[in-house]
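Below: the structure, in structure tokens.
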Amino acid sequence: MIRTLYPTFQHWSEKGSVYIISDTHFEDADCSFMDPHWISPARQIEIINEMAHKTDTLIHLGDVGNPVWIGKLKAGHKVLILGNHDQSAQKFKSYFDEIYTGPLFIAEKILLSHEPVYGLDWCLNIHGHDHSGMEEYRQGCKHINLAANVCGYIPINLGKVIENGVLSDIESIHRKVINKARNK
């Protein structure tokens, strides 16, 4: 179990791991314009299924494409944060167990979103949307870009990312407020 998660989201890790990916754009015609080496939906599903199994949770950070492909994923629990290409939650209801329409704080220092969020130097923003991978994040917040073509179509294991210390150099917002009050 990932105890760092708020209690509302800890069920994601009760039985297995939590994996995250974004911007699969299954069957979207303009993928080759974004990246000439874009791989097929079938190959993306193979890669994801090599990692996420029936006891795991898969979080998709939006821009799914044809949701029929979601039904081919092995992950037992599927979560969606809608992206700018996902017209409505209704289209995805039969494929995802949980659907969110905007950015989601899942822990004190972890924000999931489709598009990058800037200026929050007290959290890690895990997102997609930027297919170039060239965006420079100078506005304080730590970012992990999981647009499928940027991360090699490989979802990250959230528990392992946390275990590797990605949050260790991020000062919590509570500590920042206390320090600011002391310095007045």
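The values are calculated or read from the model by the stated rules, or taken from the named source; none is laboratory data. Keep in mind that this is a model prediction, so the values were computed, not measured. Neighbour counts run over all protein chains shown; Cβ positions are idealised from the backbone, glycine included.
State all residues of the stretch 52-66 that are under 21 Å from SER113 (Cβ atoms), part of a loop (DSSP other than H, G, I, E, B) and touching a strand residue (DSSP E or B) at 6+ places or on another chain (Cβ under 6 Å); if no residue qualifies, say none.
Hits for the stretch 52-66 are ALA52, LEU61, GLY62.
I need a count of the residues in the stretch 67-124 that are of a type in the set (A, V, I, L, M, F, W, C), assigned to a loop (DSSP other than H, G, I, E, B) and at pLDDT 95 or above. Full working, then the answer.
Within the stretch 67-124, the first condition is being of a type in the set (A, V, I, L, M, F, W, C), and the residues that meet it are 68-70, 73, 75, 79-82, 89, 92, 96, 99, 104-107, 110-112, 117, 120, 122-124.
With the extra rule that they be assigned to a loop (DSSP other than H, G, I, E, B), the set shrinks to 73, 75, 82, 96, 117, 120, 122-123.
If we keep only those that are at pLDDT 95 or above too, we end up with 73, 75, 82, 96.
Looking only at that region, the number is 4.
Which of the residues belonging to the stretch 38-51 are in contact with a helix residue (DSSP H, G or I) (Cβ under 7 Å, 6 or more places away or on another chain) and either assigned to a helix (DSSP H, G or I) or among the β-branched types (Val, Ile, Thr) (or both)? Even if it seems obvious, please write down each step before you answer.
Within the stretch 38-51, the subset in contact with a helix residue (DSSP H, G or I) (Cβ under 7 Å, 6 or more places away or on another chain) is 38, 41, 45.
Across the stretch 38-51, the qualifying residues are PRO41, ILE45.
Between a residue in the stretch 108-135 that is over 19 Å from ARG3 (Cα atoms) and any residue that is among the hydroxyl-bearing types (Ser, Thr, Tyr) and at pLDDT below 95, which pairs come within a Cβ distance under 9 Å, given they are 6 or more apart or on different chains?
Correct list of pairs: PRO116/TYR137; TYR118/TYR137.
Residues of the stretch 38-84 being buried (at least 17 other Cβ atoms within 10 Å of the Cβ) and polar (S, T, N, Q), which ones?
Of everything in the stretch 38-84, those that are buried (at least 17 other Cβ atoms within 10 Å of the Cβ) and polar (S, T, N, Q) turn out to be GLN44, THR57.
Which of the numbered conditions does PRO103 fail, given that it passes all the others? Conditions: (1) over 18 Å from PRO155 (Cα atoms); (2) more than 12 Å from the chain's Cα centre (by Cα).
For PRO103, the exception is condition (2).
Residue-wise test of (1) of a type outside the set (A, V, I, L, M, F, W, C); (2) under 23 Å from THR8 (Cβ atoms).
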{"site": "ASP35", "(1), (2)": "yes, no"}
{"site": "TRP38", "(1), (2)": "no, no"}
{"site": "ASN49", "(1), (2)": "yes, no"}
{"site": "ILE59", "(1), (2)": "no, yes"}
{"site": "GLY62", "(1), (2)": "yes, yes"}
{"site": "LYS78", "(1), (2)": "yes, yes"}
{"site": "LEU82", "(1), (2)": "no, yes"}
{"site": "HIS85", "(1), (2)": "yes, no"}
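Which of the residues belonging to the stretch 17-37 are surrounded by fewer than 19 Cβ atoms within 10 Å (Cβ to Cβ), touching a residue at least 24 places away in the same chain (Cβ under 8 Å) and not in a helix (DSSP H, G or I)? Don't jump to the end; show me each part of the working.
Within the stretch 17-37, the first condition is being surrounded by fewer than 19 Cβ atoms within 10 Å (Cβ to Cβ), and the residues that meet it are 27-30, 32-37.
With touching a residue at least 24 places away in the same chain (Cβ under 8 Å) added as a condition, the list becomes 27-28, 34-35, 37.
Correct list: GLU27, ASP28, ASP35, HIS37.
Against the conditions (1) among the hydroxyl-bearing types (Ser, Thr, Tyr); (2) at pLDDT 95 or above; (3) exposed (fewer than 13 other Cβ atoms within 10 Å of the Cβ), where does SER132 fall short? Just the number, please.
(2) is the only condition that SER132 fails.
Taking GLY83 as the residue in question, decide whether it is on the phi > 0 side of the Ramachandran plot and touching a Gly at 6+ places or on another chain (Cβ under 7 Å). First the steps, then the outcome.
Details: on the phi > 0 side of the Ramachandran plot: no; touching a Gly at 6+ places or on another chain (Cβ under 7 Å): yes.
It is false that GLY83 is on the phi > 0 side of the Ramachandran plot and touching a Gly at 6+ places or on another chain (Cβ under 7 Å).
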